[in-house]
Structure formats: structure tokens, C-alpha cells
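Written below as C-alpha cells is the structure these notes are about.
Every number in this text was worked out from the coordinates using simple rules, so none of it is lab data. Here the structure is a predicted model, which is why all the values come from computation and not from measurement. Here the Cβ positions follow ideal geometry from the backbone for every residue, glycine too, while neighbour counts run over all protein chains shown.
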Amino acid sequence: MSTITWQDFEQVSLNIGTIIKAEEYPEARHPAYIIHVDLGPSIGIKKSSAQVTKHYQIDELVGKQVICVTNFPPKQIGKLMSEILITGFPDKNGDVVLSTVDAPVPNGAKLF
């Protein structure tokens, strides 16, 4: 693994947001949801596709705070234009577990 500088790290905008809506994404190549995240007044509401169907049902995602990369360019994922990357880690089977926080923080707060 190569090392990076602090300036490299500062280039990645990692912000917290609250999931306000999740819906089925039947057109996805792999099972996924379309997730809408409120990232606060300066970033707004953004959407992304997330392959989190193994660990999460739609109704339990709403209200969960997640850590997102907010400064990638938009990316076409099937019919959806993804505006953010919702971060997570693979479990022992490779299924995604969302990156989140232990206590509520203001939407849009930047990771440091």
C-alpha cells in the first residue's frame, strides 16, 4: 500500500448524511437499492445506488446516518445517475455493511 499526504486526504470530501428515502432498484445488475441522502443545506439531497440488500431492508435504512464521498463526479449506474458514493465495508462474505456513526451528527459534517 502506498502512502498519501495530508493534502491528498483533504481532497476527498467525506460527509455524513441521513437516508431519507430508499427504494427497490430492479434494473440493477446486482441486487441494490436507490438511496436518497440528505447531506445538509450546503450539499443538499443526493442519490446513489447501493448494494446493501443482504444486510438492510428498505424500512430500516430510512433515518440511518451514513458516510458518503461527495466530490466524485456523477456516475451512470444503469438508469440511475449516482451523485455520491455511500461508503461501507465487506463482511466475511463480501456483502456490504454501511459506514455510519455512533451518535447523531449534523448532516453535511465533514470527516476529519
* Asked: So what is the relative contact order for segment 6-98, in percent, with contacts set as C-alpha pairs under 8 Å and at least six apart?
  -> 28 percent
* Asked: How big is the Cα convex hull of the chain in projection, averaged over all directions, in nm²?
  -> 8.0 nm²
* Among Lys75/Lys110; Lys21/Lys79; Lys46/Lys79; Lys54/Lys75, which pairs are too far apart, with a Cα-Cα distance over 20 Å? -> Lys75/Lys110; Lys54/Lys75
* To do: Please work out how much length the chain gains when fully extended from Lys54 to Lys110, using 0.36 nm per residue of separation minus the C-alpha to C-alpha distance, in nm with one decimal.
  => 17.4 nm
* Structure fact -> Magnitude of the Cβ-charge dipole (Lys and Arg +1, Asp and Glu -1) of the chain about the Cα centre, nearest 20 debye, reported as 200 debye
* Asked: Okay, helix-only estimate at 222 nm for the chain: each DSSP H run of n ≥ 4 adds -39500 (n - 2.57), divide by all residues, round to 500 deg cm²/dmol; what do you get?
  -> -1500 deg cm²/dmol
